[in-house]
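Okay, so here's the structure we're looking at.
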Amino acid sequence: MTATDGSPAVGPPRGAAAPSTDPDRSPLSGPLPVARRRRVVPARARIMAWMLLLMAVVSLTVTVVTRNLLMQRVDAQVSAALQQEVQELQEVAESGVDRATQQPFRDVYELLYNHLQRQFPDDDEVLVGWIGPVETGEALRQNRAEPFPLADRPDVLMPILGSADTSGSAPTDAGEMRWVKAPVVHSANPGDSGAFVVGYLIDRDRAEVSETIQTLVLVSVLGLLFAGVAAWVVAGQILAPVRLVRQAAAEIGEHDLTQRIPVNGNDDIAALAEQFNAMLDRLEQAFAAQRQFVDDASHELRTPITIVRGHLELMGDDPADRAAVVRLCTDELDRMNRIVADLLVLAKAERPDFVRVEPVEVAELTSDIYAKVRAIADRRWLVEAIGEGVAHVDPQRVTQAMVQLAQNAVQHTGDGDDVLIGSSMLDGRVAFWVTDRGPGVPPGDQSKIFDRFSRGATGGASAHRSGAGLGLAIVRAIAEAHGGGVRLVSVPGQGASFGIDLPADRGGNR
């Protein structure tokens with residue numbers, strides 16, 4: 001096939017279907033799979049269903065077992081009643097004496113007749129006496145209304161008399177009949193014989209059992225309905241805090257972490273709500289720290305970036321001018337690097353692994369800090385006091401805080417001025433401090449000097465003006481991570497004492 005311009009036509013081969021243009025269909029694999037939303041069965045419905053299933057199984061088991069026991073009881077009662085009738089006849093036959101006249105029975109007929117007239121069978125019992133051989137004998141019945149005329153039904157009676165078994169079951173118009181047969185022989189005349197047949201119609205007793213089972217089934221169904229309603233209500237009450245957890249989780253976002261779940265009771269659901277609230281607290285703190293880091297970084301880095309960009313834009317071709325701009329930009333980049341490093345330290349302070357406590361000798365840690373801070377600047381470094389004992393702290397973080405305090409003291413003192421390092425351990429707490437003889441901290445600045453980017457009054461210290469105001473904030477973060485706090489004692493014009501006060505036995509447990 002060719003196109004109208006003579007070029008070969010491009011298309012599917014003959015006999016092949018044209019490519020589908022349906023956007024929901026792939027030419028290679030047919031219809032594209034459609035993502036189906038997973039159908040979730042509510043926990044309330046599952047609890048109710050499982051409870052109803054369990055109760056249904058229990059009810060069915062109880063019903064079946066009860067029916068079997070009642071049927072067995074009916075069979076046992078019928079067998080006992082039949083055996084009792086036969087036993088009474090055997091006792092009379094063995095005595096061979098009429099109890100009314102105290103005379104011996106003359107024949108089998110008299111024995112059976114007298115015995116039948118003296119019996120008071122149950123409503124479902126049938127008593128029949130048979131005189132003579134099976135083929136030619138005659139039947140004797142009681143003079144009462146019988147539930148089934150066995151003596152007048154040879155189709156039922158004759159198979160019983162001719163059976164070699166002494167007991168069995170026979171179908172009748174009145175239902176199944178259990179029977180027992182006992183031979184009767186006159187003691188004085190063995191040729192005079194007969195039989196005694198006792199029948200019991202068992203269907204009425206079985207019908208009573210069936211009615212009982214039907215009543216039990218009806219009660220079980222009503223119980224299941226009541227249990228279903230109760231399970232639905234109780235499951236709803238139990239799962240109410242769980243629904244609150246789900247709703248709170250659905251409403252929580254990056255800008256709304258204030259949602260909390262009310263905690264009622266002291267069960268597992270209440271514990272779940274408490275743990276969920278604690279998780280929300282940690283998330284809120286983490287998001288707050290993240291926002292604080294971003295705000296602080298954008299606030300503090302904007303100025304050096306502006307300075308570097310402005311000088312680079314105005315930089316000329318003069319080599320001396322270029323060198324000055326490069327030196328200025330390098331200083332600003334170094335300052336930015338320090339700011340970023342300090343901000344990272346503050347951001348990490350919210351993490352549970354920010355401090356790693358271990359048993360430390362306070363005296364040894366104080367000596368190590370003193371040896372390290374002496375190299376910071378040309379000052380007259382002195383040890384004011386040394387604590388004795390073992391404290392559970394993070395030695396690296398404590399050293400970092402003390403170096404920050406020492407650097408702060410250097411910024412407010414001159415060459416040769418006294419700077420004191422000290423530590424103490426008393427009443428389960430350990431304290432480290434740095435004291436200087438500088439201008440001190442004005443009372444208005446003492447409450448906010450440990451905040452981020454808060455420099456307070458410079459007191460004429462030029463080095464202080466170049467800082468970012470994060471050093472004391474880092475000190476406070478380290479102290480709070482240990483479960484302690486910061487301390488400041490200062491009198492304007494007489495110096496200042498900055499320190500950290502930490503628990504000595506459980507540092508870092510927040």
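Could you name the lysines in cross-link range of K348, using Cα to Cα under 23 Å and dropping any fewer than eight places away on the same chain? Of all the lysines, those that pass the test against K348 - Cα under 23 Å, at least 8 places apart if same chain - are K448.
Set the Förster distance to 35 Å, then compute FRET efficiency between D281 and D334 from the Cβ-Cβ distance, nearest 0.05. Given R0 = 35 Å and the Cβ-Cβ separation, E is 0.40. The residues of segment 71-118 present an accessible area of 61 Å² per residue when probed at 1.4 Å with all protein chains retained.
Annotation: for a label point projected 7 angstrom from Cα along Cα→Cβ of R204, residues of segment 72-110 with backbone N closer than 17 Å are 74-75, 77-79, 81-82. Positive-end ranking of V209, A248, P183 along the dipole of the chain, with charges on Cβ about the Cα centre, is headed by A248. Given R₀ = 25 Å, what would the calculated FRET efficiency be for S163 paired with Q117, taking r from the Cβ atoms and rounding to 0.05? Computed FRET efficiency for S163 and Q117: 0.40. For the chain, complete DSSP H runs whose alpha carbons reach 20 Å or more along their own long axis and whose mean Kyte-Doolittle score is 0.5 or higher are 43-95, 203-251.
Fully extending the segment from A80 to V263 would add 59.3 nm, taking 0.36 nm per residue of separation and subtracting the current Cα-Cα distance. For segment 205-257, a crude dipole built from +1 on the beta carbon of Lys and Arg and -1 on the beta carbon of Asp and Glu, taken about the Cα centre, is about 20 debye to the nearest 20.
What ranking, highest mean first, results for peptides 197-209, 169-181 when packing means the other Cβ atoms within 10 Å averaged over each residue?
Result, highest mean Cβ count within 10 Å first: 197-209, 169-181.
Could you work out [θ]222 nm for the chain from helices alone, using -39500 (n - 2.57) per DSSP H run of at least four and dividing by all its residues? Round to the nearest 500 deg cm²/dmol.
-17000 deg cm²/dmol
Taking Cα centroids, how far is segment 389-408 from segment 179-221 in Å? Between the Cα centre of segment 389-408 and that of segment 179-221, the gap is 100 Å.
The charge dipole of the chain, taken about its Cα centre with unit charges on the Cβ of Lys, Arg, Asp and Glu (plus for the first two, minus for the last two), comes to roughly 2340 debye. Sorting the segments 405-413, 326-334 by their mean number of nearby beta carbons within 10 angstrom, highest to lowest, gives 405-413, 326-334. Multiplying the residue separation of A250 and A385 by 0.36 nm and subtracting their alpha-carbon distance yields 43.0 nm. Could you pull out which residues in segment 383-401 have an amide N less than 11 Å from a spot 7 Å beyond the Cα of E361, following the Cα-Cβ vector? From segment 383-401, the list is 389-390.
Measuring between their Cα centroids, segment 124-164 and segment 333-368 lie 111 Å from each other. Packing order of peptides 417-430, 210-223, 110-123, highest average first: 417-430, 110-123, 210-223 (average count of other Cβ atoms within 10 Å over each peptide's residues).
Surface composition of the chain: carbon plus sulfur atoms hold 55% of the accessible area, using a 1.4 angstrom probe and ignoring ligands, DNA and RNA. Computed over protein heavy atoms with a 1.4 Å probe, the accessible surface of segment 145-187 works out to 49 Å² per residue. The length gained by stretching the chain between A271 and F226 to full extension, at 0.36 nm per residue less their Cα-Cα distance, is 13.2 nm. For segment 328-459, the solvent-accessible area of protein heavy atoms averages 49 Å² per residue (probe radius 1.4 Å; ligands and nucleic acids excluded).
The values are calculated or read from the model by the stated rules, or taken from the named source; none is laboratory data. Keep in mind that what you see is a predicted model, and the values were worked out from it rather than measured. Reconstructed Cβ throughout: ideal geometry from the backbone, glycine too, with neighbour counts over all protein chains shown. Just so you know, the surface numbers come from the protein's heavy atoms only, side chains and all, with ligands and any DNA or RNA stripped out. Shrake-Rupley method; radii C 1.70, N 1.55, O 1.52, S 1.80 Å.
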